[in-house]
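What follows is one structure encoded as structure tokens, with my remarks underneath.
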Amino acid sequence: MNDSASRITARRAALGPRLAILGHHYQSDEVVAHVDFRGDSLELSRRVPDLAAEHIVFCGVFFMAESAAILARPGQKVHTPEPGAGCTMSNMAPAALLESVLRSLTAQGRKLIPLTYVNSSAQVKAVCGRNGGSVCTSANAKTMLAWALKQGDGVLFLPDKNLAVNTAQALGLVPERRHALDIRGGGRRLDLEAARRADLLLWPGCCSIHHQMTARHVQAARAAHPGCLLAVHPECPPGTVAAADAAGSTSFLIRFCQEAPEGSTLVIGTEAALVDRLAKEYAGRKTVLPLRPVRCANMAKTTPEGLAALLDRLDAAAPVRVDPRTTEDANLALRRMLEACAAP
Ligand code: SF4
């Protein structure tokens with residue numbers, strides 16, 4: 001065991017039930033080796049209030065630790081080893097710009113429901129909460145978009161345009177009823193007339209990792225591996241999703257590999273740390289290959305060294321803080337999601 005791994009093991013033993021470590025599927029194997037729970041961002045955040053631990057360490061990117069802090073019970077402290085691990089998609093939707101765009105789009109009295117993907121800041125979730133909107137994940141985006149379309153005169157979906165279009169297609173919402181917003185110049189270039197005619201307004205954000213996986217890569221993978229089964233994440237462009245055999249969240253992609261017949265070749269379009277782990281897990285039984293071997297640089301910022309350093313100073317470390325008003329409004333948006341998804 002190397003130095004960082006033995007320091008983490010020793011600190012986990014010393015802290016005992018006072019500590020729980022959560023890790024996203026896109027974390028490296030070296031980090032995942034030390035987590036108590038592994039999952040996607042929302043699965044992990046939703047575990048937080050049920051954990052007895054006083055210190056929750058979230059290995060992922062910053063918006064995930066913020067979501068966990070929003071859902072934490074009083075007295076629980078959420079930490080992240082790498083507060084500088086941002087998310088390019090989340091950064092594409094600053095809360096102040098969202099507020100200004102919403103003001104322009106609703107100036108004529110339109111009731112527009114903002115629906116944010118969970119990959120967004122606490123402030124963006126709070127803006128959605130304050131404006132009758134909610135949050136969605138890649139697993140429940142279809143349910144949540146259908147819900148949001150019933151709450152007002154239209155929906156503003158953000159930050160991920162690919163997820164929005166893929167979900168709209170799944171709901172049969174025709175392209176003529178959608179409008180891609182031009183948010184350049186602080187929202188001064190919005191085409192308000194075109195926006196007024198559309199039911200679904202698309203924020204022009206994307207995941208810098210999944211957006212690189214194109215339909216051409218799908219065709220190349222099928223040519224290189226005839227008969228392969230190919231599944232991608234819905235943050236990939238619509239042409240990629242249309243060319244794949246299946247699309248779904250990280251949990252879906254894990255299940256896709258589990259349920260594939262023995263001996264099959266599987267090509268998976270998502271972040272490479274997860275695909276590499278699946279390849280090792282099924283080695284000798286199924287061949288699991290990445291559609292593109294792309295790693296998220298922000299996810300890779302969390303290392304065993306960083307985790308060990310945080311655990312060494314945990315009692316003195318400043319936890320992730322979200323101010324009370326933001327927490328309350330973001331919680332409202334999250335609660336609407338939980339209610340809409342629990343409805344029969
Ligand atoms: S994989 Fe994409 S969405 Fe996930 S943290 Fe990285 S940039 Fe953000």
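The values are calculated or read from the model by the stated rules, or taken from the named source; none is laboratory data. Bear in mind the structure is a predicted one, so any value in this text is a computation, not a measurement. Cβ coordinates were reconstructed from backbone atoms using ideal geometry, including for glycine residues, and neighbour counts include every protein chain displayed.
Out of E82, E43, I need the residue that is over 16 Å from the mean Cα position of the chain (by Cα) and surrounded by 18 or more Cβ atoms within 10 Å (Cβ to Cβ). Which one?
E82
On the basis of being in contact with a Lys or Arg (Cβ under 8 Å, 6 or more places away or on another chain), within 16 Å of the ligand (Cβ to nearest atom) and at pLDDT 95 or above, does T88 make the cut?
The answer is no for T88.
Give me the residue from segment 257-300 that is within 16 Å of the ligand (Cβ to nearest atom) and of a type in the set (V, I, T) and, out of that set, surrounded by the most Cβ atoms within 10 Å (Cβ to Cβ).
This residue is T270.
If we keep just the residues of segment 216-240 that are more than 16 Å from the ligand (Cβ to nearest atom) and closer than 30 Å to L190 by Cβ, which is surrounded by the most Cβ atoms within 10 Å (Cβ to Cβ)?
Across segment 216-240, the extreme among qualifying residues is P238.
Is it fair to say V78 is touching a His at 6+ places or on another chain (Cβ under 9 Å) and β-branched (V, I, T)?
yes
Looking at segment 74-163, what strands (runs of 3 or more DSSP E) fall wholly within it and have at least 3 residues that are over 22 Å from Y26 (Cα atoms)?
112-117, 154-158
Tell me which residues, restricted to segment 94-123, are closer than 20 Å to R184 by Cα, buried (at least 20 other Cβ atoms within 10 Å of the Cβ) and within 16 Å of the ligand (Cβ to nearest atom).
T116, S120, S121 - these are the residues of segment 94-123 that are closer than 20 Å to R184 by Cα, buried (at least 20 other Cβ atoms within 10 Å of the Cβ) and within 16 Å of the ligand (Cβ to nearest atom).
Looking at E235, E193, which one is modelled with pLDDT of 95 or more and touching a Phe, Trp or Tyr at 6+ places or on another chain (Cβ under 9 Å)?
The unique qualifying residue is E235.
Would you pick out the residues in segment 35-66 that are in contact (Cβ under 8 Å) with a residue 40 or more places away in the chain and either in a loop (DSSP other than H, G, I, E, B) or among the β-branched types (V, I, T) (or both)?
D40, V57, G60, V61 - these are the residues of segment 35-66 that are in contact (Cβ under 8 Å) with a residue 40 or more places away in the chain and either in a loop (DSSP other than H, G, I, E, B) or among the β-branched types (V, I, T) (or both).
From (1) away from the ligand (no atom under 15 Å from the Cβ); (2) part of a helix (DSSP H, G or I), pick out the condition that doesn't hold for H179.
(2)
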